[in-house]
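What follows is a single structure, written as structure tokens, with notes after it.
The values are calculated or read from the model by the stated rules, or taken from the named source; none is laboratory data. What you are looking at is a predicted structure, and each value in this text was computed from that prediction instead of being measured. Here the Cβ is made from the backbone with ideal geometry for all residues, glycine too, and neighbour counts use every protein chain on show.
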Amino acid sequence: MKYALIGCGRIATNHIKAALNNRLEIAAVCDSKPEAMETLLAKHSLEGDPSIHRYTDYRQLLTAEKPTLISIATESGLHAQIALDCIDAGINVIIEKPMAMSMDDAEEIIRRSQAKGVKVSACHQNRFNIAVQETRKALEAGRFGKLSHGSIHVRWNRNRDYYTQAPWRGTWAQDGGCLMNQCIHGIDLLRWMLGDQVEEVYGATRQQFHDYLECEDAGMAVVKFKNGAIGTIEGTTNVYPKNLEETLYLFGQSGTVKLGGTSTNNIDVWDFSDADSSDDANRGLQEATSNVYGNGHTSLFADMIAAIEQDRAPYVDAIAGRNALEMVLAIYQSAFTGKPVKLPLQHTASTDFTGLFSHS
């Protein structure tokens, strides 16, 4: 299957690795900075491959290459427009998180992809973590019983060096803060596990230590789900001196699970009233990962390839991307107004909150 990558920054190496692991034909890469393309290709010993074409304008790539699948790994603020252009060209697309920076763009990606019959996968790769998949299986089998509540804690560190590497980071137009960038994976998992249907979100955000950014470096929220469950969210890039954990808790009438590690890749607690010997493998499960992004990109790419070949929806579809974005924007809106926010959210964009942390 013919594949191309748009955007060759920090996360792009996971995309190239996933493409290679799935034996995709890498036809082209694109980045506005030629040196970024060369650095990425060299990292994977592909710099001398004449069959991989380089583009600095993705529109030229779409016209010249016509790949079956493209993944988008640019700065977040460009995701939606590039995705819509890919969809209009009839190309299936994997979009790095967040799928878009506004609800209108997210809804348009869903609408247009359905109208054109194009597959879209939002890159929430942690859904494919072994620990997450085992938890999901238990949930779908009803082993938790009635859900009581759950929480996600993303306690990470990002220092000034991280932000100065790319000036778009920490801006309302191109990135958002810790909730939109670092914590959206965990927020996606919490919403997905607790039933997806959200009634109300109440949030607070702060900018504690990163006064050179536009956005938050700490955020908290309480989420009311339509099924009666309650969720809490804690996200930050203020943990000293390095990433601590990404931890998901789920509490039901007949089950308790705690997923830990730096990116919900371990099972720390696994207790069910209907326990049997098959549960032993899950207790203390640890999936080795080389970085906080985990191993899920390869699985997400494999699922997307199968979705295209079988003409089915991808496991993590555009609606999942929209739902995760909606949660973050609802927290931002609540923090901005000081009031709870009812869902569904409409016509809301990250740029609506420009000036929230203005420095006098």
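For the range 296-334, give me the residue count where each residue is within 14 Å of the chain's Cα centre (by Cα) and outside any helix (DSSP H, G or I).
Residues flagged as within 14 Å of the chain's Cα centre (by Cα) and outside any helix (DSSP H, G or I) within the range 296-334 amount to 3.
Here is a yes/no grid of residues against (1) modelled with pLDDT under 95; (2) surrounded by 20 or more Cβ atoms within 10 Å (Cβ to Cβ); (3) of a type in the set (A, V, I, L, M); (4) over 21 Å from MET327 (Cβ atoms):
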site	(1), (2), (3), (4)
ALA83	no, yes, yes, no
ILE95	no, yes, yes, no
PRO98	no, yes, no, no
SER102	no, no, no, no
ALA106	no, yes, yes, no
ILE110	no, no, yes, no
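Among the residues of the range 144-162, is any surrounded by fewer than 18 Cβ atoms within 10 Å (Cβ to Cβ), part of a loop (DSSP other than H, G, I, E, B) and touching a residue at least 24 places away in the same chain (Cβ under 8 Å)?
yes
Regarding ALA166, is this residue in a helix (DSSP H, G or I) and of a type outside the set (Phe, Trp, Tyr)?
Judged against the criteria, ALA166 is not a match.
Residues checked against (1) out of contact with any Gly (no Cβ under 7 Å at 6 or more places or on another chain); (2) among the hydroxyl-bearing types (Ser, Thr, Tyr); (3) in contact (Cβ under 8 Å) with a residue 12 or more places away in the chain; (4) in the same structural domain as SER151 (by TED's automatic domain parsing):
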| site | (1), (2), (3), (4) |
| --- | --- |
| TYR212 | yes, yes, yes, yes |
| ALA221 | no, no, yes, yes |
| THR232 | yes, yes, yes, yes |
| THR237 | yes, yes, yes, yes |
| ASN243 | yes, no, yes, yes |
| GLU246 | no, no, yes, yes |
| LEU250 | no, no, yes, yes |
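Among the residues of the range 163-192 satisfying the criterion of being small (Gly, Ala, Ser) and either surrounded by fewer than 24 Cβ atoms within 10 Å (Cβ to Cβ) or touching a Ser or Thr at 6+ places or on another chain (Cβ under 8 Å) (or both), which is farthest from SER358 (Cα to Cα)? Step through it out loud before you land on a result.
Let us first name the residues in the range 163-192 that are small (Gly, Ala, Ser), namely 166, 170, 173, 176-177, 186.
Now restrict to residues that are either surrounded by fewer than 24 Cβ atoms within 10 Å (Cβ to Cβ) or touching a Ser or Thr at 6+ places or on another chain (Cβ under 8 Å) (or both): 166, 173, 176-177, 186.
On the way: ALA166: 21, ALA173: 15, GLY176: 14, GLY177: 14, GLY186: 28 Å.
Across the range 163-192, the extreme among qualifying residues is GLY186.
From GLN286, GLN333, grab the single residue that is farther than 30 Å from THR205 by Cα, polar (S, T, N, Q) and either in the same structural domain as GLY261 (by TED's automatic domain parsing) or out of contact with any helix residue (DSSP H, G or I) (no Cβ under 7 Å at 6 or more places or on another chain) (or both).
On inspection, the qualifying residue turns out to be GLN286.
Residues that are of a type outside the set (S, T, N, Q) and touching a His at 6+ places or on another chain (Cβ under 9 Å): list the strands (runs of 3 or more DSSP E) wholly contained in the range 1-102 that include at least 2 such residues.
2-6, 25-30, 92-96
Looking at (1) surrounded by fewer than 17 Cβ atoms within 10 Å (Cβ to Cβ); (2) closer than 19 Å to GLU140 by Cβ, find the lone condition where SER299 falls short.
(1)
Could you pull out the residue among LEU356, LEU345, LEU329 that is more than 16 Å from GLY177 (Cβ to Cβ) and out of contact with any Lys or Arg (no Cβ under 8 Å at 6 or more places or on another chain)? Before you say what the answer is, go through the steps one by one.
On the way: LEU356 fails: more than 16 Å from GLY177 (Cβ to Cβ); LEU329 fails: more than 16 Å from GLY177 (Cβ to Cβ).
Just a single option satisfies the conditions, and that option is LEU345.
Can you give me the number of residues within the range 338-360 that are farther than 15 Å from GLU216 by Cβ and surrounded by 10 or more Cβ atoms within 10 Å (Cβ to Cβ)?
Of the residues in the range 338-360, 9 are farther than 15 Å from GLU216 by Cβ and surrounded by 10 or more Cβ atoms within 10 Å (Cβ to Cβ).
Kindly list the number of the only condition in (1) within 17 Å of PRO98 (Cα to Cα); (2) part of a loop (DSSP other than H, G, I, E, B); (3) modelled with pLDDT of 95 or more that fails for TYR293.
Every condition holds for TYR293 apart from (3).
Anything in the range 196-213 that is touching a Leu at 6+ places or on another chain (Cβ under 8 Å) and outside any strand (DSSP E or B)? List them, or say none.
GLN207
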